[in-house]
Amino acid sequence: MAHSKKVENITESLRKRVLKLLPGEPLDPIRDLMKLYDVSQVTITKAMQQLKAEKFRQNPPLPFPAKTLP
């Protein structure tokens with residue numbers, strides 16, 4: 001049970017990090033995230049999979065290209 005709570009907490013933290021990224025800017029490498037959160041690759045991967053699933057459900061692709069900042 002504690003493991004899933006840890007994944008939930010990391011997912012929420014990653015969600016906030018992603019929202020701060022500029023278009024096209026990558027998220028930190030998995031190894032850096034493992035060190036930052038002091039967790040295994042499996043835990044980071046589960047959190048990232050959760051984010052990917054949410055993004056797919058909540059934000060379908062736009063029917064036209066999004067404008068980018070200059």
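Some points to look at:
- In sequence order, calculated HN-Hα J values of region 7-17 (Karplus, 6.51, -1.76, 1.60; Hz; x Gly/Pro): 4, 4, 5, 5, 4, 5, 5, 5, 4, 5, 5
- Partner lysines for K6 [C-alpha distance under 28 Å; skip if fewer than 8 residues away on the same chain]: K16, K20, K35, K46, K52, K55
- Residues whose placed amide H lies under 5 Å from that of D28, excluding near-sequence neighbours: none
- Spin-label model, D32 to S13: label points 7 Å out along the Cα-to-beta-carbon direction sit 1.5 nm apart.
A short reminder: the numbers here are calculations on the coordinates, not readings from a lab. Predicted, not measured: the structure shown is a model, and the values here were computed from it. Ideal geometry is used to build each Cβ from the backbone, glycine not excepted, and the neighbour counts take in all protein chains shown.
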